[in-house]
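K.L.:
Quick one: the structure is below, and I'll ask about it shortly.
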Amino acid sequence: MRASNGNPIVIVGAGVAGLVAAIELQAAGRAVLVLEAAPAGGGRVRTSRHDGLVIDHGFQVLFTAYPTLRRYLDFDRLALRKFLPAARIARDGHVSLIGDALADPGLLLDTIFARAIGVGDKLRLLALRRFAQQLSIDDCFGPRFAGISTREFLAARGFGAPVIDGFFAPFYGGILLDRTLATSASILLFTFKMLADGDTVIPAGGIGALTQQMAARLTPGSVRTRTAVRALTVTAGRVSGVQLDDATTIEAAQVVLATDAPAAATLARTVGLSLPEPTGARGCTTLYFTARTSPIPGKALWLNANPQAVLSHAVTLTDVAPEYASQGRTLIAATAVGAAADLDDATLDAAMRHELARMGGVSPDALTLDRVALWRVPYAQYEQAPGWREQRPSIACGMAGLWRASETLHSSSLEGAARGGEMAAKAILHAT
């Protein structure tokens, strides 16, 4: 039955899932209070400004084809800036441009003559694009694809090791944060469909503009930052509130865990619950550099296809969105994934400089780069290996008054987070 004690629904975590849940609940007339431990809301979707530079907390992009997420955003107000629907593949001093000529016919000739991928594999790429577009999102996540790895799926479609390791590993290594391609084929098809159905963009004000816009839809005072929750409280066998780090208790009509999987599991254990959550994590580290002239110009993502690469992918952000830097400066984002993301700052810095120069075909001694930021995101995604969907949590957490809103309910993506928040809100409204 609906709580009548006047307490709000407390949502722990002000990322995409938590904000979407709050928007839905507030629209239904429920009082909500979103608690966020960080200095600002947004979770992993945040942006800082430093010396006239727009620095996202790790390189991220938005797929405009995300159907659920876009319902909570006003794209026109975000001033979206488009990437070229293409990638430059750099290996052993050679650079090839591979693009989606159906989305941008101007890419046709470059793609036809690209040396990195043979003619047969280019035709197979086109067939894969069409195949993914014909699937619904639910089809992408069906048992047919969820139970096999991306590498197995690509091999079954006739792609050979050279294109799997030379194109898919660096390209989807950036999306899946997994250059081994052990991630479920469902994620490959889902993202391939999103790439084909819409644009890849960033807001002029940084990726954090997404969550700032969402938070602005809530009643003022609904989101409290710098407010860390250390435990749940229980009254008469139901979760009745949260205890903050300063020992303050906030009573709640319901409590929603909208944090990442490890934090949610930690809070659930404070009331004796064990949440089924995906195991493992995918991390990444992004270094931001300013330069007089970028060695990797253009609006396409650059992929480092060398097998021992530290730098996975990079882009000149100001070529895509000039607003990312003032005074005509150039801003470059270079990202490491997998084991390379865990290297120490100095090692990463040196490797990034060397590999950016090598990718751009310039001498490292002639390249002047100033590092302006370094962002480590150890839990950028959870692992989505074959069978991962069987490990998803339920929305109801096994004790009255406690719910889960999370990307783990769907997929590790902005769309998955939006769906998780929406699913949780609908479940709460139905039950209370």
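K.L.:
Would you check which residues across the range 199-245 are assigned to a loop (DSSP other than H, G, I, E, B), out of contact with any Leu (no Cβ under 9 Å at 6 or more places or on another chain), under 29 Å from Leu53 (Cα atoms) and in contact (Cβ under 8 Å) with a residue 12 or more places away in the chain and list them? I'd like the intermediate steps shown before the answer.
P.N.:
Taking the range 199-245 as the starting set, the residues that turn out to be assigned to a loop (DSSP other than H, G, I, E, B) are 199, 204-207, 216-222, 225-228, 236-237, 245.
Remaining after also requiring out of contact with any Leu (no Cβ under 9 Å at 6 or more places or on another chain): 206, 216, 219-220, 226, 236-237, 245.
Narrowing the set further to residues that are under 29 Å from Leu53 (Cα atoms) leaves 206, 216, 220, 226.
Within the range 199-245, Gly206, Arg226 qualify.
K.L.:
Within the range 361-380, which residues are small (Gly, Ala, Ser) and surrounded by 21 or more Cβ atoms within 10 Å (Cβ to Cβ)? Can you show your working first?
P.N.:
Keep residues of the range 361-380 that are small (Gly, Ala, Ser), which gives 361, 363, 366, 373, 380.
Across the range 361-380, the qualifying residue is only Ala380.
K.L.:
Look through Gly420, Gly416 and report the one residue that is without any contact (Cβ under 8 Å) to a residue 12 or more places away in the chain, buried (at least 22 other Cβ atoms within 10 Å of the Cβ) and within 25 Å of Gly174 (Cα to Cα).
P.N.:
Unique residue meeting the criteria: Gly416.
Here's the yes/no breakdown for (1) closer than 27 Å to Gln308 by Cα; (2) over 24 Å from the mean Cα position of the chain (by Cα):
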{"position": "Phe59", "(1), (2)": "yes, no"}
{"position": "Gly106", "(1), (2)": "no, yes"}
{"position": "Ile112", "(1), (2)": "no, yes"}
{"position": "Arg115", "(1), (2)": "yes, yes"}
{"position": "Gly118", "(1), (2)": "yes, yes"}
{"position": "Ala127", "(1), (2)": "no, yes"}
{"position": "Gln133", "(1), (2)": "no, no"}
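K.L.:
Which of the following residues is out of contact with any Asp or Glu (no Cβ under 8 Å at 6 or more places or on another chain) and either surrounded by 18 or more Cβ atoms within 10 Å (Cβ to Cβ) or assigned by TED's automatic domain parsing to the domain that holds Thr180 (or both): Asp104, Asp139, Asp110?
P.N.:
Checking each option against the conditions leaves just Asp139.
K.L.:
So, one more: For the list (1) more than 19 Å from the chain's Cα centre (by Cα); (2) touching a residue at least 24 places away in the same chain (Cβ under 8 Å), I need the number of the one condition that Val337 fails.
P.N.:
Going through the list (1) more than 19 Å from the chain's Cα centre (by Cα); (2) touching a residue at least 24 places away in the same chain (Cβ under 8 Å), Val337 breaks only (1).
K.L.:
Would it be correct to say that Ala90 is modelled with pLDDT under 90, more than 27 Å from Ala385 (Cα to Cα) and either in a loop (DSSP other than H, G, I, E, B) or assigned by TED's automatic domain parsing to the domain that holds Ile296 (or both)?
P.N.:
Here the answer is no, as Ala90 does not meet what is asked.
K.L.:
Here is a further query. Being among the charged types (D, E, K, R) and either assigned to a strand (DSSP E or B) or in contact with a helix residue (DSSP H, G or I) (Cβ under 6 Å, 6 or more places away or on another chain) (or both) is the filter here, so list the residues in the range 360-378 that pass it.
P.N.:
Scanning the range 360-378 gives Asp370, Arg371, Arg376.
K.L.:
Same structure again: Out of the range 246-261, which residues are more than 29 Å from Thr279 (Cβ to Cβ) and in a strand (DSSP E or B)?
P.N.:
Thr249, Ile250, Glu251
K.L.:
Filter the range 293-312 down to the residues that are in contact with a Leu (Cβ under 9 Å, 6 or more places away or on another chain) and farther than 18 Å from Leu367 by Cβ, then identify the one that is surrounded by the most Cβ atoms within 10 Å (Cβ to Cβ).
P.N.:
If we take residues in the range 293-312 being in contact with a Leu (Cβ under 9 Å, 6 or more places away or on another chain) and farther than 18 Å from Leu367 by Cβ, then Ser312 is surrounded by the most Cβ atoms within 10 Å (Cβ to Cβ).
K.L.:
State whether one or more residues within the range 239-247 are crowded, with 20+ Cβ neighbours inside 10 Å, outside the structural domain of Gly338 (by TED's automatic domain parsing), modelled with pLDDT of 95 or more and among the β-branched types (Val, Ile, Thr).
P.N.:
yes
K.L.:
While we're looking at this one, here's another question. So, in the range 155-165, of the ones that are more than 23 Å from the chain's Cα centre (by Cα) and part of a helix (DSSP H, G or I), which residue ends up modelled with the lowest pLDDT?
P.N.:
This residue is Pro162.
K.L.:
Looking only at the range 332-343, which residues are farther than 19 Å from Ala281 by Cα and either surrounded by fewer than 17 Cβ atoms within 10 Å (Cβ to Cβ) or among the β-branched types (Val, Ile, Thr) (or both)?
P.N.:
Once the filter is applied, which keeps residues that are farther than 19 Å from Ala281 by Cα and either surrounded by fewer than 17 Cβ atoms within 10 Å (Cβ to Cβ) or among the β-branched types (Val, Ile, Thr) (or both), the range 332-343 yields only Ile332.
K.L.:
Taking only the range 379-404 into account, find how many residues are among the basic types (Lys, Arg) and assigned to a helix (DSSP H, G or I). Spell out how you get there, then give the answer.
P.N.:
Here is the first cut: in the range 379-404, the ones among the basic types (Lys, Arg) are 389, 392, 404.
If we keep only those that are assigned to a helix (DSSP H, G or I) as well, we get 389.
Qualifying residue count, the range 379-404: 1.
K.L.:
What number goes with the only condition from (1) over 22 Å from Ala261 (Cα atoms); (2) in a loop (DSSP other than H, G, I, E, B); (3) within 17 Å of the chain's Cα centre (by Cα) that Leu84 does not pass?
P.N.:
(3)
K.L.:
Within the range 344-360, can you find the residues that are surrounded by 20 or more Cβ atoms within 10 Å (Cβ to Cβ) and within 30 Å of Ala261 (Cβ to Cβ)?
P.N.:
Leu348, Met352
K.L.:
Quick one: how many residues across the range 268-313 are small (Gly, Ala, Ser) and free of Cβ contacts under 8 Å to residues at least 24 places away in the same chain?
P.N.:
Final tally of qualifying residues: 2.
K.L.:
Take the range 50-70 and flag every residue that is surrounded by fewer than 19 Cβ atoms within 10 Å (Cβ to Cβ) and either touching a Ser or Thr at 6+ places or on another chain (Cβ under 6 Å) or free of Cβ contacts under 8 Å to residues at least 40 places away in the same chain (or both).
P.N.:
If the condition is that a residue be surrounded by fewer than 19 Cβ atoms within 10 Å (Cβ to Cβ) and either touching a Ser or Thr at 6+ places or on another chain (Cβ under 6 Å) or free of Cβ contacts under 8 Å to residues at least 40 places away in the same chain (or both), then Gly52, Val61, Arg70 are the ones that fit.
K.L.:
Just a yes or no: is a residue in the range 199-216 of a type in the set (Ser, Thr, Tyr) and either farther than 30 Å from Leu33 by Cα or in contact with a Pro (Cβ under 7 Å, 6 or more places away or on another chain) (or both)?
P.N.:
Taking every residue of the range 199-216 in turn, at least one turns out to be of a type in the set (Ser, Thr, Tyr) and either farther than 30 Å from Leu33 by Cα or in contact with a Pro (Cβ under 7 Å, 6 or more places away or on another chain) (or both).
The values are calculated or read from the model by the stated rules, or taken from the named source; none is laboratory data. Because the structure is a prediction, the values reported are computed rather than measured. Note that each Cβ is placed from the backbone with ideal geometry, even for glycine, and that neighbours are counted across all protein chains shown.
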